[in-house]
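Peer 1: Would you mind keeping the following structure in view while I ask a few things?
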Amino acid sequence: MTDSTSPALSLEFFPPRDIAAQERLVRAAKQMLAIQPRYVSVTFGAGGSTRAGTEETVRTLTNLGCDAAPHLSCIGASREQLRDILNHYREAGVHRVVALRGDLPSGMGGDAGELRYASDLVRFIREETGDWFHIEVAAYPEMHPQAASPTADLDHFVAKVRAGADAAITQYFFNADAYFDFVDRAQARGVAIPIVPGIMPITNYSQLSRFSEMCGAELPRWIRLRLAEFGDDKASIRAFGVDVVTELCQTLLDNGVPGLHFYTLNQSEATLGIWKNLQL
Ligand SMILES: Cc1cc2nc3c(=O)[nH]c(=O)nc-3n(C[C@H](O)[C@H](O)[C@H](O)COP(=O)(O)OP(=O)(O)OC[C@H]3O[C@@H](n4cnc5c(N)ncnc54)[C@H](O)[C@@H]3O)c2cc1C
């Protein structure tokens, strides 16, 4: 069992699209329970998934014995819809949510919803449900791609914390200095909540390039070059990826991070490989 002083590990999943993917998710989740995650989280709306998909996946993971936290984004939603979702989770005994603005699917202009930013959603959750939920928010060590500047982005992060967030999970990064610089700047502004690094295992070069392009995470040149050189050699990509990400996690742990949040992409192999190397 993890004790309260050891770094809290958490795992992120996305709602599977069909029965075969659902079976793969359950298999992967069961294997990853060896990590004894403090909680697992389930994305919302990303990649075209639905509210029902998130709710169902939260139920599945809860039934496996996990403390499962749904992500909730306010973009495109009315207050009434958000209230309904929050009530659903409250009735189901869920005590933790990841509160996000979210992104409108490309080509979908128009209705951005009644709440504009994640800070509005955090405030809304507190107004509606008091202290029922432990609220996690997103943080961007390398700056959110739509922010006007690093300082403006930090201002908006601080606003989310002041609105009532309990903890933050970062966008993934491969440069530990960006994370520590962000934490230093947030703490200098009076932020005292845990800011947990989001960890992206490296398993697929083209997918990682695409994600990084979209979310503004830097894929360092040396990593890019090494991955490109491996071409279709998936085994070498995975082995290299596990080594690189293990080293990143070790640096983070050596410097006292409060936890590690793994973006598992519903696959167990890379996350378990990193975890075993870390000998936690
Ligand atoms: C840990 C994590 C989990 C995620 N899970 C999901 C998911 O499940 N589903 C999904 O669709 N996406 C998810 N995302 C992606 C996220 O939705 C996008 O990055 C989105 O663009 C921003 O969401 P946010 O909650 O950080 O927004 P916000 O904190 O609202 O920030 C969005 C942008 O607006 C700016 N901003 C904030 N407040 C103001 C203000 N008052 N005035 C002007 N500008 C402002 C910020 O600087 C930033 O550039 C996740 C990201 C992370 C890091």
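The values are calculated or read from the model by the stated rules, or taken from the named source; none is laboratory data. None of these values were measured; they are calculated from a predicted model. We place every Cβ from the backbone using ideal geometry, glycine too, and count neighbours over all the protein chains shown.
Peer 1: Being over 21 Å from I169 (Cα atoms) and within 19 Å of the chain's Cα centre (by Cα) is the filter; apply it to the stretch 27-48 and report the residue that is surrounded by the fewest Cβ atoms within 10 Å (Cβ to Cβ).
Peer 2: Here is the first cut: in the stretch 27-48, the ones over 21 Å from I169 (Cα atoms) are 27-28, 30-31, 34, 48.
Keeping just the survivors that are within 19 Å of the chain's Cα centre (by Cα) gives 28, 48.
Values: A28: 19, G48: 9.
Taking the candidates together, the pick is G48.
Each row is one residue, and each column tells you yes or no for (1) within 22 Å of L11 (Cα to Cα); (2) in a helix (DSSP H, G or I); (3) touching a residue at least 24 places away in the same chain (Cβ under 8 Å).
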residue: A152; (1), (2), (3): no, yes, no
residue: A186; (1), (2), (3): no, yes, yes
residue: A192; (1), (2), (3): no, no, no
residue: V196; (1), (2), (3): yes, no, yes
residue: L227; (1), (2), (3): no, yes, yes
residue: S236; (1), (2), (3): no, yes, no
residue: V244; (1), (2), (3): yes, yes, yes
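Peer 1: Here's another thing I want to ask about it. Quick check, is V97 outside any loop (DSSP other than H, G, I, E, B), in contact with a strand residue (DSSP E or B) (Cβ under 6 Å, 6 or more places away or on another chain) and free of Cβ contacts under 8 Å to residues at least 40 places away in the same chain? Step through it out loud before you land on a result.
Peer 2: Working: outside any loop (DSSP other than H, G, I, E, B): yes; in contact with a strand residue (DSSP E or B) (Cβ under 6 Å, 6 or more places away or on another chain): yes; free of Cβ contacts under 8 Å to residues at least 40 places away in the same chain: yes.
So V97 fits the description; yes.
Peer 1: Residue by residue through the stretch 231-247, note down the ones that are aliphatic (A, V, I, L, M) and in contact with a helix residue (DSSP H, G or I) (Cβ under 6 Å, 6 or more places away or on another chain).
Peer 2: Of all residues in the stretch 231-247, those aliphatic (A, V, I, L, M) come to 235, 237, 239, 242, 244-245.
Within the stretch 231-247, I237, V242, V245 meet the criteria.
Peer 1: While we're here: Within the stretch 218-235, is there a residue that is within 16 Å of the ligand (Cβ to nearest atom), within 24 Å of A69 (Cβ to Cβ) and modelled with pLDDT of 95 or more?
Peer 2: No.
Peer 1: Let me confirm something: among R51, R59, which residue is under 19 Å from the mean Cα position of the chain (by Cα), of a type outside the set (F, W, Y), surrounded by fewer than 22 Cβ atoms within 10 Å (Cβ to Cβ) and at pLDDT below 95? Show your work before the answer.
Peer 2: Numbers: R59 fails: at pLDDT below 95.
Testing whether each residue is under 19 Å from the mean Cα position of the chain (by Cα), of a type outside the set (F, W, Y), surrounded by fewer than 22 Cβ atoms within 10 Å (Cβ to Cβ) and at pLDDT below 95 leaves just R51.
Peer 1: Can you find, within the stretch 89-103, the residue that is farthest from the ligand (Cβ to nearest atom) among those that are in contact with a Phe, Trp or Tyr (Cβ under 9 Å, 6 or more places away or on another chain) and closer than 30 Å to A147 by Cα? Give the steps one after another, and end with the answer.
Peer 2: Step one: of the stretch 89-103, the residues in contact with a Phe, Trp or Tyr (Cβ under 9 Å, 6 or more places away or on another chain) are 89-90, 94-102.
Then drop every residue that is not closer than 30 Å to A147 by Cα, which leaves 96-102.
On the way: R96: 13, V97: 11, V98: 6, A99: 7, L100: 4, R101: 3, G102: 4 Å.
Within the stretch 89-103, the match that is farthest from the ligand (Cβ to nearest atom) is R96.
Peer 1: Which residue out of E80, E114 is surrounded by fewer than 21 Cβ atoms within 10 Å (Cβ to Cβ) and farther than 26 Å from Q171 by Cβ? So that I can check it myself, show each step before the final result.
Peer 2: On the way: E114 fails: farther than 26 Å from Q171 by Cβ.
Going through E80, E114 in turn, the sole match is E80.
Peer 1: With (1) at pLDDT 95 or above; (2) more than 7 Å from the ligand (Cβ to nearest atom) as the list, and A147 as the residue in question, which single condition is left unmet?
Peer 2: (2)
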